[in-house]
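Q: Mind having a look at this structure? Questions to follow.
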Amino acid sequence: MQNEPLAYRMRPHKIEEIAGQQDIIGKHTPLYKMIINGHVPSMLLYGEPGIGKTSLAYAIAGTSNIPFIALNATRSGKKDIEDVVNESRVTGKVLLFLDEIHRFNKLQQDTLLPHVENGSIVLIGATTENPFHDVNPAIRSRCGEIKQLKRLTDEDLLTLIQRALSDEKRGLGRQKIEISQPQQLKIAGAANGDARKALTILESVVSASDEEDGVTIVEDALLQNLVDRIGVFGDKKGSHFYNLLSALQKSVRGSDVNAAMYYLAHLLENGDLVAVSRRLLVMAYEDIGIANPSVGPHVLASIQAAERLGLPEARIPLANAVVEMCLSEKSNSAYKAIDAAIASIHAGKVGDIPSHLKDTHYAGAAALGHGGYKYPHNTPIGSFGGWVNQTYLPDNLVGTKYYDPVLAGEEKKLAGIYQKLESFKQKKK
């Protein structure tokens, strides 16, 4: 067993050994009490890599008396599932842990689902993707528990590190290792909530350290070298990636420059410049909008510069764009107006185009009753900017309002014009 990676060897055998996730498997939780009382429900475990999905499944298996089988959906076929079904017929019940369950294909599902439904197979599925997006509804409906695991705290990771250092059977307890508390905390902090990463760093630093008089001494410089860039979690096009994009946009919308810089940095370290640039350009028009119309062209110029430069230099123009958007006055009025109009159309609130707005550039238009359009540019000097009193909306939608101005930045001026035009319409009635 000592030839296996430390993170594998230190996998918990019982649910009492789980570090963190106390809101899910703590002694006060219904799930803990069910398992202790001998009932294991089918469940989905969702969360980032290294935060305990597999460990929790193995700990549940070690606590229960149900025969346990572990499979990975990327490598398993129909034959593997049939073997699990056959095992359940022999033993009466099987606990199946299926990692990366979001990759489960329909054929595998069709083989497995009826046995999960009748209880002969207890399914624990693990996924890094949002199960409500990426796991088939048929699987979800048969899982009584859907649990989202969270990153472990530094204290949780420190507990795991110290457990690994003292465990003589599965850990590093048979070695004499000189590693200080601050060094252990540095490993915990660098792992960023990932238990597997913390134990991997620990094993690596111990393996790379020199031994003096039978004692392995961990040096600060070596540890620093190993933890550089260790906090980057890259899952391009995965749930975490889209969560980072969402957090970036919400931080910009909330005018928090420091948070926005953090999320931009994390996204760029993942290396998907195209997706980041696209989101920034959308934000310029969705969140800044006509309160500061110059931001859109500025962001576009920053994106074009970033594309020419490539990473890592691309970070510089994109950082400029994000700071400008964070600190700009903001309006989503245009975005809300178009969405309101689209929603209205989908709800069936439509009408015929007024005759005077229909195309008249063909013979016979007059015979159809088209025409009578008043050309605003021909309005006599002195009237408001070439405005004439005529109806533009379909008759049954006259008076409908989609646009609600925000009194911010440049939109204050536009809002004034809008309100003045609305008052003209009222006077002309």
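The values are calculated or read from the model by the stated rules, or taken from the named source; none is laboratory data. Values in this document were obtained by computation on a predicted structure and should not be read as measured data. Glycine also receives a Cβ, built like all others from the backbone with ideal geometry; neighbour counts cover every protein chain displayed. For accessibility, only protein heavy atoms count, side chains too; no ligands or nucleic acids. Shrake-Rupley method; radii C 1.70, N 1.55, O 1.52, S 1.80 Å.
Q: Could I have the simple spin-label model distance between residue 16 and residue 313, label points 7 Å from Cα toward Cβ, reported in nm to one decimal?
A: Spacing of the two 7 Å Cα→Cβ label points: 6.1 nm.
Q: What is the sum of charges, Lys and Arg at +1 and Asp and Glu at -1, for the other residues whose Cβ falls under 12 Å from the Cβ of residue 281? It would help to have the intermediate numbers written out before the result.
A: Values: positive: 278, 279; negative: 286, 287, 307.
Value of the local net charge: -1.
Q: Right, another one. Within segment 1-39, name every residue whose backbone N is under 15 Å away from a label modeled 7 Å from Cα of residue 174 along the Cβ vector.
A: 1-6, 9-10
Q: Turning to a different aspect of this structure: Within the chain, which is the longest segment containing none of the GluC sites (Glu not before Pro) that sit in a DSSP loop and have at most 13 other Cβ atoms within 10 Å? Could the numbers behind the result be given before it?
A: Values: sites that count: 168, 313.
Answer from the scan: 1-167.
Q: Right, here's the next one. Determine the per residue accessible area of the chain with all protein chains present and a 1.4 angstrom probe, expressed in square angstrom. Before the final figure, lay out the partial values.
A: Numbers: 23070 Å² over 429 residues.
That works out to 54 Å² per residue.
Q: Restrict the search to segment 235-284; then list the trypsin sites (Lys or Arg not before Pro) that DSSP places in a loop and that have at most 14 other Cβ atoms within 10 Å of their Cβ. Please report the intermediate quantities before stating the final value.
A: Numbers: sites: 236, 237, 250, 253, 278, 279; in loops: 236, 237.
Sites meeting the loop and neighbour criteria: 236, 237.
Q: In whole Hz and in residue order, list the ³J(HN,Hα) couplings for segment 42-55 that follow from phi through the Karplus curve 6.51 cos²θ - 1.76 cosθ + 1.60, θ = phi - 60°; x for Gly and Pro.
A: In residue order, the calculated couplings are 5, 8, 10, 10, 10, x, 5, x, x, 9, x, 5, 5, 4 Hz.
Q: Working from Cα positions, state the angle (0 to 90°, nearest 10) between the long axis of helix 181-191 and the longest principal axis of the chain.
A: Rounded to the nearest ten degrees, it is 50.
Q: Roughly how big is the chain's charge dipole about its Cα centre, with Cβ charges of +1 (Lys, Arg) and -1 (Asp, Glu), in debye to the nearest 20? Don't skip to the end; give the middle numbers.
A: Numbers: 48 positive and 49 negative charges, 399 e Å.
Value, rounded to 20: 1920 debye.
Q: Which of the trypsin sites (Lys or Arg not before Pro) found in segment 42-147 are loop residues per DSSP with 10 or fewer other Cβ atoms within 10 Å of their Cβ?
A: Working: sites: 53, 75, 78, 79, 89, 93, 103, 106, 140, 142, 147; in loops: 75, 93, 142.
Answer in residue order: 75.
Q: Can you give the FRET efficiency for residue 359 and residue 255, using 1/(1 + (r/R0)^6), R0 = 51 Å, r = Cβ-Cβ distance, to the nearest 0.05? Mind dumping the intermediate values first?
A: Working: r = 46 Å, r/R0 = 0.90.
So the FRET efficiency works out to roughly 0.65.
Q: Using a Förster distance of 45 angstrom, determine the FRET efficiency expected from the C-beta separation of residue 138 and residue 265, and round it to 0.05.
A: Details: r = 40 Å, r/R0 = 0.88.
Once the sixth-power term is evaluated, E becomes 0.70.
Q: Taking Cα atoms, how many degrees apart are the long axis of helix 295-309 and the longest axis of the chain, rounded to 10 and kept between 0 and 90?
A: The angle comes out near 50 degrees.
Q: Here's a follow-up. Hey, if you drop one equal point scatterer on each alpha-carbon of segment 3-106 and run the Debye formula without solvent, what base-10 log of I(q)/I(0) do you get at q = 0.14, 0.15, 0.25 Å⁻¹?
A: -0.60, -0.69, -1.46
Q: Can you give the relative contact order of the chain as a percent, counting alpha carbon pairs under 8 Å and 6+ residues apart? Provide the component values of the computation, followed by the final result.
A: Numbers: 609 pairs, mean separation 48.5, N = 429.
About 11 percent, as a whole number.
Q: Sticking with this structure for a sec: Which of 397, 152, 264 moves the most in a Gaussian network model of the chain with Cα springs under 10 Å?
A: Looking only at 397, 152, 264, the largest GNM fluctuation is found for 397.
Q: Right, next: Taking amide H atoms as placed 1.01 Å from N in the peptide plane, list the residues 5 or more away in sequence, or in a different chain, whose amide H sits under 5 Å from that of residue 97.
A: Residues meeting the amide H criterion: 69, 70, 71, 124.
Q: For every helix of n ≥ 4 consecutive DSSP H residues, a contribution of -39,500 (n - 2.57) applies; sum these over the chain, divide by its total residues, and give [θ] at 222 nm rounded to the nearest 500 deg cm²/dmol. Intermediate results must be reported in sequence, preceding the final value.
A: Numbers: 19 runs with 207 residues, N = 429.
For the chain, the value works out to -14500 deg cm²/dmol.
Q: Straight-line reach from residue 420: which lysines fall under 28 Å, measuring Cα to Cα and dropping same-chain residues less than 8 apart?
A: By straight Cα distance, residue 420 reaches 330, 336, 349, 358, 374, 401, 412, 428, 429.
Q: Of 33/93; 53/186; 27/186; 147/176; 147/250, which ones are farther than 32 Å apart at the Cα? Intermediate results must be reported in sequence, preceding the final value.
A: Values: 33/93 20 Å; 53/186 24 Å; 27/186 29 Å; 147/176 39 Å; 147/250 25 Å.
Beyond 32 Å between Cα atoms: 147/176.
Q: I've got another one for you. Give the carbon-plus-sulfur fraction of the accessible surface of the chain in %, rounded to a whole number; probe 1.4 Å, heavy atoms of protein chains only.
A: Working: 12000 of 23070 Å².
Of all accessible area on the chain, carbon and sulfur atoms account for 52 percent.
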